[in-house]
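No value in this document is a laboratory result; all are computed from the given coordinates. Quick caveat: nothing in here was measured; it's all calculated off a predicted structure. Heads up, the Cβs are rebuilt from the backbone with ideal geometry, glycines too, and the neighbour counts pull from every protein chain shown.
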Amino acid sequence: MLRFHQLGMKLRTLFMRRKAGAQLDAELRFHLDRQIEENRAAGMSADQARYAALRAFGNPALLRDQARAAWSWNGLESLLRDLRIGMRTLGRAPGFTFIAIGIMALGIGSNVALFTVVRGVLLKPLPFKDPDRLVRIYEADAHNPVHNRVAVSGADFFDWQRQQHSFEQMALLTTSGYDINLSGSAGQLPEQIAVQQTSWNLFPMLGVQPALGRLFTAGDDAAGANATVVLTWGLWERRYGADPHVVGSTVFLDTKPYTVIGILPSWFSYSDPTVQLWTPVYHEETWPGLTTAHGAHNFQVLARLRPGVSLVQAKAEMDAIQARIRKRFPTGPIFDAAAVVPMLEAQVGPIRTAIYVLFAATGCLLFIACLNIANLLVARIASRRKEIAIRAALGGSRARRFQEQLVESALLSLGGGGLGLLVAWLTVQWLVHMRGDLPRVYAVHPDGISLVFGVSVILLCGLVTGLVPVLSFHDGQILHTLWESSRFHVGSHGKVRLRRVLLALEVSLTVVLLACAGLLLKSYQRLRSVDLGCVTKDVLTMSLDLPEARYATPVQRLAFFEQLVERVRALPGIEAAGLDTELPGIGHQRDDAFTIQENPPLPQGKFLDASVPSTDPGLFQALGIPLLRGRLFQPAERLEDAEVAVVTPAFVHEFFPNADPIGKHIVDGNFDGPHSFQIVGVVGDVRESIGDPPRPTIYYPLYRGDMSFAFLAIRTHTDPLAYAVPVQKIVAKMDADLAVGHILTMEEIVGRSTLGASFDATLLSIFAALSLALAGVGLFGVLSYLATQRTGEIGIRIALGAQREQVLRLMLLDGLQPALFGLILGLAASAAATRFIRSLLYETQPLDPAVFAAVAATLLLVAALACMAPAWHASRLDPMQALRTE
Amino acid sequence: MGKPSDLLQGTLDLLILKTISLEPMHGWAIAKRIQQVSREVLQVQQGSLYPALHRLEQQGWIKARWAESETGRQARFYSLTAAGRKQLEAEAANWTRLSAAINLVVSEA
């Protein structure tokens, strides 16, 4: 009954507020009138009676508010009122509002976008069954931390599988995809597509179900089985128009027939997005050494830990197994330990720092944005001091003003945040588009959690931008304020101090961002100016992969390669053309362990190792790699007569520090049996990866005919891309099933290998520039405000004979002070912060003095510019005008 | 601010409920009555009276209606509801218990 009554009461107070308000007024008036009457009856005059009654009654407006506060919905009512007031206040200063909302949108947007990336790439569990127990296993050298994550040899895997007890399952995969020719059918062109091989148990281990058809079984994964292939969803959609009849049909890979048995689900992507075909490893790898050659490190191993087995236990067991293997095979590149790394970590570990740095930078940017808006709000409060003081004098409560201020800030951050979520969405699309090369970038989607994060950030921003101005309210100085602002005054320094502290903080954060951006830029510049060791201008490259079935013998392969180069060279406008199994700048491809015939046998456990590209005689000229000593390969050195090798200065430095390499013999066991190659020349070093020093390298003659794939490099007189189609036509004429892949200029290869660095540096520079602009605006705002506040004082100074230059200096110093404090603080903070980006820097020290000096100079320049205008304006004051203003 | 202390908060409710339990009264009269009955010891400030009246009304213990006052002007008269009467009994009993207890403690010394 009572509840029912209360509900009725609530509804009535909600819907009949206006009437209730009028009744309350009438009620209070009645009370006051009765008091007056009583006073009159006691013999007071009419005026006296009224004054006495009013005095006894107190502040009628306040009393009314207090009575209303007892009503239900009072909170809602005052909130609505504050919203209305807030909107109106913001609407009155549209410029300020637009800027503030824009700043907020950028800050919140970039934060939410980076959060989405951090979550999607680094934090979200892998999309597989029970992903916490999935690990990647590497081989490792217990005594050399450089070799802490080495690819696994098929033979080691074979032994692991039989001896281990820590894992439920272990799957063998090639380390990455490699290109294969997918023949065209029904008018389609042939295409080079990345294929990855795996043992059949990978998909069951990951818990992946096919979208269509079936995945591999143990029966498919054997040497004698029928050839089978599984397509990714992307390839199925793109090349086969998502036709379900593709399952069960035959496709030709390197001209050999394969039955398509199934389609992977659309979300599946491993190891990298380019892999679009999967084949069973034991069917594909027919090399007899697969299960016996412990030194051939060609695979990655994924495994699922048994329940209850920890990473440490698993590693201990794998270490022991691998140490036993090493004991059995004391020579050659065989390792004595293992590394067991969570699968997610193995995938995203290398890019973690870069992403977190960018995330931190967006955090700084947002914080600076909040500080700036808070600062602007404080300025506005300061200019509304008189109004606020009057409200306080009239009984306006502090809490109400807090609420009003918070609502205003909340409106700003809501507007900025709403826009920011849009910005975030766009930014994520852009990032995914730009950085398709990042692992797991396919997992990046803005989702509910991003939204929750966004909303939390918005609330936090509202709170920060609201609380700071609220802190600047000074109560208990009502009279002082009123009195003070009735005539010009010599500055209320309390409020200004708060703004200066905020500014100094803002400037110091800006300095940190500038320093990080500067270091990354310098590092990027260093990286770009690295000499790869070859010509990069006007060079076109593409890859070719001769199908085993059609090019089974060395003679066939040699014939194709030789003819191709000849025909390409015959094209008009070609300066040089050559073939190489590895191009500078595309990353490490292959290395072999070898011995030097003339040297004494190596101590046990040691082996020599170098990169081993194979080239045709013309490659060095095509890429402009200089001959330093001896000679290059001769066209006559072919097939069995090609037992020669060319080495590089890095090779000589490492293996012949005090001897002449020419005429010495390299023995490499990785051909069909050990082969001895005589060193005939030394050519200039090239870099496999732009950020790494040149590795010791042995060039073998491609014309031996044992390699079936190569990159074609063409140096042209004019635009190299114009030759892409003519060269492709030559290839098509020679073999219609042969696809050409990776058509890139050398400049594009360099661009790709510096993509990460350029991306990080660009983004961070944008963030730093935005912060700098914000800090500049902040300085300008504070000094302008100070100048207006001190108009009277400056007027007096000038009237009393102060020189304009003096006033200018005074004002400039006033404005530059917080900038200087911020700069010092920021430089100190940068010194600490830049250590964290050390791993992203190339040949750049975290405390690079030039960068720090440039940062300081830039900041001071911007600060001086920001302060100049208001200071100049102040020094030009007309004293008469100034003294009259208030 | 001349707000009554927290102790008085509940006490004021009891005084109001008790006062209007005899007959419906308007705010002015309630204040006057409390003042008279307490022999001028208890002065109810308007700043506390009206918020208290509106709070009690929101809680459903008292109800208000407009009627002609002794001077012929319209005034807001408050009277107890059934729930208010129960509340009054509860609070009065509570007060008796509490004041007796306090008396015991105070006279002990």
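Send over the per residue convex hull volume for the range A:674-729, Cα only, as a whole number of Å³.
So the per-residue hull volume is 170 Å³.
Once you keep just the Cα pairs under 8 angstrom separated by 6 or more residues, what percentage relative contact order results for chain A?
15 percent
Scan the range A:497-566 for trypsin sites (Lys or Arg not before Pro) in coil per DSSP, keeping those whose Cβ has at most 13 other Cβ atoms within 10 Å, and list them by number.
A:537
If a/c stays under 1.5 just call it rounded; otherwise compare a/b with b/c (prolate if a/b is bigger, oblate if not). Do that for the range A:626-674, with a ≥ b ≥ c from the square roots of the Cα gyration tensor eigenvalues.
Oblate.
log10 I(q)/I(0), Debye, Cα-only the range B:4-106, no solvent, q = 0.14, 0.20, 0.25 Å⁻¹?
For the range B:4-106 at q = 0.14, 0.20, 0.25 Å⁻¹, log10 I(q)/I(0) is -0.55, -1.07, -1.50.
How about the range A:535-576: which GluC sites (Glu not before Pro) there are in a DSSP loop, with at most 15 other Cβ atoms within 10 Å of their Cβ?
For GluC sites (Glu not before Pro) across the range A:535-576 that sit outside H, G, I, E and B with at most 15 neighbouring Cβ atoms in 10 Å, the list reads A:548.
For peptide A:510-519, how many partner chain Cβ atoms fall within 10 Å of a residue's Cβ, on average? Mind showing how you got there, number by number?
Working: counts 0, 0, 0, 0, 0, 0, 0, 0, 0, 0.
Mean partner shielding for this stretch: 0.
Which distance in nm do the two modelled labels at residue A:571 and residue A:22 give, with both placed 7 Å along the Cα-to-Cβ direction?
Computed distance between label sites residue A:571 and residue A:22 equals 9.1 nm.
Compute the distance in nm between two label points, each set 7 Å from the Cα along the Cα-to-Cβ direction, one at residue A:178 and one at residue A:526.
3.5 nm
Which part of the range A:516-550 falls in the paramagnetic zone of residue A:831, meaning amide N under 18 Å from the point 7 Å along Cα-to-beta-carbon?
A:516, A:519
For the range A:804-836 and the range A:262-312, write down the distance between their C-alpha centroids in whole Å.
Here the two parts' Cα centres lie 57 Å apart.
What Kirkwood hydrodynamic radius do you get for chain A when you take the inverse of the mean 1/r over all pairs of distinct Cα atoms, in Å?
33.6 Å
What is the distance in Å between the Cα centroid of the range A:513-539 and that of the range A:763-782?
26 Å
Take every DSSP beta bridge whose two residues both sit in the protein assembly as shown, then give the antiparallel share in percent to the nearest 5.
Counting only bridges with both partners in the protein assembly as shown, antiparallel ones make up about 85 percent.
Angle check, please: helix B:82-108 long axis (alpha carbons) against the longest principal axis of chain B (alpha carbons), in degrees 0 to 90, nearest 10.
Orientation of helix B:82-108: about 30 degrees from the principal axis.
Have a look at B:48, B:21, B:99 and tell me which one the Gaussian network model of chain B (Cα, springs below 10 Å) gives the largest fluctuation.
Among B:48, B:21, B:99, the largest mean-square fluctuation in the Gaussian network model of chain B belongs to B:99.
Only Cα pairs under 8 Å and at least 6 apart count here; give the relative contact order of the range B:4-106 as a rounded whole percent.
29 percent
State the Cα centre-to-centre distance between the range A:50-67 and the range A:182-220 in whole Å.
85 Å
Separation between the residue B:35 and residue A:62 pseudo-spin-labels, each 7 Å from Cα along Cα→Cβ, expressed in nm?
A separation of 2.0 nm, rounded to one decimal place.
Roughly how crowded by other chains is peptide B:21-34, in terms of the mean Cβ count from those chains within 10 Å of each of its Cβ atoms?
Mean partner shielding for this stretch: 2.
Once you list every other residue whose beta carbon is under 11 Å from the beta carbon of residue A:342, what net charge do they have if Lys and Arg are +1 and Asp and Glu are -1?
For residues surrounding residue A:342, the net value is 0.
Which residues make up the longest stretch of chain B clear of trypsin sites (Lys or Arg not before Pro) that lie in a DSSP loop with no more than 14 other Cβ atoms within 10 Å, not counting the sites? List each step's numbers first, then the result.
Values: sites that count: B:39, B:73.
Segment B:1-38 is the longest.
So which lysines pass the test for residue A:327, namely a Cα distance under 22 Å, with those fewer than 8 places away in the same chain ruled out?
Within reach: A:315, A:606.
Mind checking which lysines have their C-alpha under 21 Å from residue A:19, skipping anything on the same chain fewer than 8 residues away?
A:10, B:63
First select every other residue whose beta carbon is under 13 angstrom from the beta carbon of residue A:434; then total the charges, Lys and Arg +1, Asp and Glu -1. Please list the in-between numbers first.
Values: positive: A:435, A:752; negative: A:437, A:760.
Overall, the nearby charge balance is 0.
Which value in deg cm²/dmol, rounded to the nearest 500, describes the helix-derived mean residue ellipticity at 222 nm for the protein assembly as shown, given -39,500 (n - 2.57) per DSSP H run of n ≥ 4 and division by the residue count?
Mean residue ellipticity at 222 nm (helix-derived): -17500 deg cm²/dmol.
Report, in order of residue number, the helices in chain A meeting two criteria: a C-alpha extent of 18 Å or more along the helix axis, and a mean Kyte-Doolittle hydropathy of at least 0.5; treat each whole DSSP H run as one helix.
Within chain A the helices that satisfy the rule are A:94-117, A:352-383, A:398-434, A:448-471, A:493-528, A:755-789, A:804-833, A:849-875.
Go through the range A:87-145 and name the trypsin sites (Lys or Arg not before Pro) that are in a DSSP coil and have 16 or fewer other Cβ atoms within 10 Å of their Cβ.
A:129
Using only Cα atoms and rounding to the nearest 10 degrees, what angle (0 to 90) does helix B:6-22 make with the longest principal axis of chain B?
Helix B:6-22 sits roughly 50 degrees off the main axis of chain B.
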